[in-house]
1. Report, in degrees rounded to the nearest 10, the 0 to 90 angle that the Cα long axis of helix 266-284 makes with the longest principal axis of the chain.
2. Plugging the Kirkwood radius over Cα pairs into Stokes-Einstein for the chain, at a temperature of 10 °C and a viscosity of 1.306 mPa s, what D comes out in µm²/s?
3. Please work out whether the range 17-72 counts as rounded, prolate or oblate from its C-alpha gyration tensor, where a ≥ b ≥ c are the square roots of the eigenvalues and a/c under 1.5 means rounded, while otherwise a/b larger than b/c means prolate and anything else oblate?
4. Checking the a/c ratio against 1.5 first, then a/b against b/c, what shape does the Cα gyration tensor give for the range 197-336?
5. Treating the angle as unsigned and between 0 and 90°, give the value, to the nearest 10°, between the Cα long axis of helix 248-260 and the longest Cα principal axis of the chain.
6. Simple spin-label model, 7 Å along Cα-to-Cβ: Asp267 to Ser179 in nm?
7. What FRET efficiency comes out for Val81 versus Ser190 if R0 is 51 angstrom and r is the Cβ-Cβ distance? Round to the nearest 0.05.
8. So, R0 is 25 Å and r is the distance between the beta-carbons of Leu65 and Glu155; what FRET efficiency does that work out to, to 0.05?
Amino acid sequence: MNQMFPDFYGNEKIAQSLQQLTTQERLPQTLLFAGPEGVGKATLARRFGAALLGAGADKIERDDLSLSGNREIVEDREKWVPDKRNDDPLLFATHPDFVTFPPDGPLRQISIPQMRMLKERSQFKPLHGPRRVFLIDHIDRANEQAANSLLKTLEEPPEHLIIIMTAENPYDLLPTIRSRAVPFQLAPLSNEEMLGFIRGRGLSDPERRIALAAGSPGLAISIDLEIYDARRAAMLDLLRVASGRSQFVDWAKHSEALGARKQERLDLLIKVLYVLIEDVLLIANGASGIRNDDIRADLQAIASRVSFRWLRTAVKKIDEIAELARRNIQKSIALDALVVELRRGE
């Protein structure tokens, strides 16, 4: 855990570099924190922002999107009509000089109205001290129009403004945005660092959490193992049927149940499916370190029936569903189609 950035684990060299930047009179005005989901990008951005602003760290932390109240705000806005969201762009600003622009709406995107508001608010002088800090969380979820709107601000930012962007994959960004930011690539934590984090939080089942989180403390703390196991059971049966190990009727019961659960999100099921596919690929190639070792025998049986070509096709089809998930496609229809297409290629 870093001393200057409390409760931030791992990526010590990056933390040290940012610590050194806080002492410089002239900072880079745009920074990009990239890395896997849950590795701590937004956490580090808030800690760094607090160090730059010099006070009010407790207020900045209230804008953490993982807090239940903030999650409820984001989820509630998914039900709003687009015009209402556009008239009231989403931002969090508990601290007067730190503003967070998170993904909004059912597609969880950074919107054009948000970037227009960012441009307007960037002109406001700091209330305390010489700087303001804006965090754009998941800038890789900005569409082309929103990204172009942001680019205008990045080209000539006010002297008092520091912009921190986070992204899982920096190459999903426009090259013109990427070229205007100083990049910091955060790596997954080691098992030792993850164990320290999990013990510090008093979390249950540390070994399973370490395996499933794959070096991301945010995932380790947010995963509900009971819910995960229920989703995994459904996706495991999907793979059994898709690989030809079971009959379609064995998947039909899950399909019907998932379709009836309106609150069950397709994107969360897809994330579990990706992990299972990754484990099957590792087993097929004789590699160690799978994330679902407690069901190794089931995964081994699937791996014995499929080819690398089948796995590659499966990933491609799941990628397509992941794109459609942002357009509110029905879960059961999408997953049924996946099973049928993969059985044809078994």
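1. Its long axis makes an angle of about 60 degrees.
2. It diffuses with D of about 73 µm²/s by this estimate.
3. Verdict is oblate for the range 17-72.
4. oblate
5. 40
6. According to this spin-label approximation, the distance is 3.0 nm.
7. 0.65
8. Efficiency computed from Cβ-Cβ geometry: 0.35.
The values are calculated or read from the model by the stated rules, or taken from the named source; none is laboratory data. Since this is a predicted model, take the numbers as computed values, not measurements. Positions of Cβ are backbone-derived with ideal geometry, glycine not excepted, and every protein chain shown enters the neighbour counts. Surface areas here come from the heavy atoms of the whole protein model, side chains and all, with no ligands, DNA or RNA. Shrake-Rupley method; radii C 1.70, N 1.55, O 1.52, S 1.80 Å.
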